[in-house]
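First comes the structure, then the notes that go with it.
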Amino acid sequence: MATYLINHLRIPGGVPSDAGLTYLEQVEATVAPFGGKWLAQGEVQVLEGAWPGTVVLMEFPDHEAVERWYNSPEYRKILPLRLNSTINDLVLIDSLPAGFSVAASARSIRESIAGSK
C-alpha cells in the first residue's frame, strides 16, 4: 500500500537560501533507492482556510520505505540543510484500500456509536 509524504513548506523571505538550494540538488539521489517519487510541488490554490507557502507531495511504495529513507544516513546528512532554511510541516498518510467508500466509513462509525450506547 503506497504511503504519501506531504510537506507544507514555507521559505522565509520567499527566496531559497544557498543551503536550501544545495538540499534540492542532493535530495533526489537519497529518495531514488527507496522508490520515492515526486507527484506534485509548488504553489497551491486555496479554496478554504489559509495555506501560506507551497506543498510537496511524494509517493513511496509503503510506509516502511519512507521511514527507511527518512532515517537513512544519506538523507540525515542533508536534512539540516532543509531544517535550517525552511519551515516545514511533514506528514505521512497511507493510501486507502481498494474499494474504500466514504459513505461506508460513515455507516461504520454510526454503527459503532450506536453499539456503544
Angle in degrees between helix 102-115 and the longest Cα principal axis of the chain, rounded to the nearest 10: 60
Ranked by how many other beta carbons lie within 10 Å on average, peptides 96-109, 62-75 from highest: 62-75, 96-109
Whole-Å distance, taken between Cα centres, linking segment 86-117 and segment 1-76: 24
3J(HN,Hα) from dihedral phi, segment 88-101, Karplus parametrisation 6.51/-1.76/1.60, rounded to Hz, x for glycine, proline: 9, 10, 10, 10, 10, 8, 7, 5, 7, x, 4, x, 4, 9
Derived scalar couplings ³J(HN,Hα) [segment 12-24; Karplus, 6.51 cos²θ - 1.76 cosθ + 1.60; whole Hz; x for Gly, Pro]: x, x, x, 10, x, 7, 4, 5, x, 5, 4, 4, 4
Magnitude of the charge dipole, the chain, Cβ model with Lys/Arg +1 and Asp/Glu -1, debye to 20: 340
Gain in span if fully extended, ARG10 to THR22, counting 0.36 nm per residue against the direct Cα distance: 2.7 nm
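Computed from the coordinates by the stated procedures, all read-outs in this text should not be read as laboratory data. Please read these numbers as outputs of a predicted model, since none were measured by experiment. Counting neighbours? That spans all protein chains shown, and the Cβs are built from the backbone with ideal geometry, glycine included.
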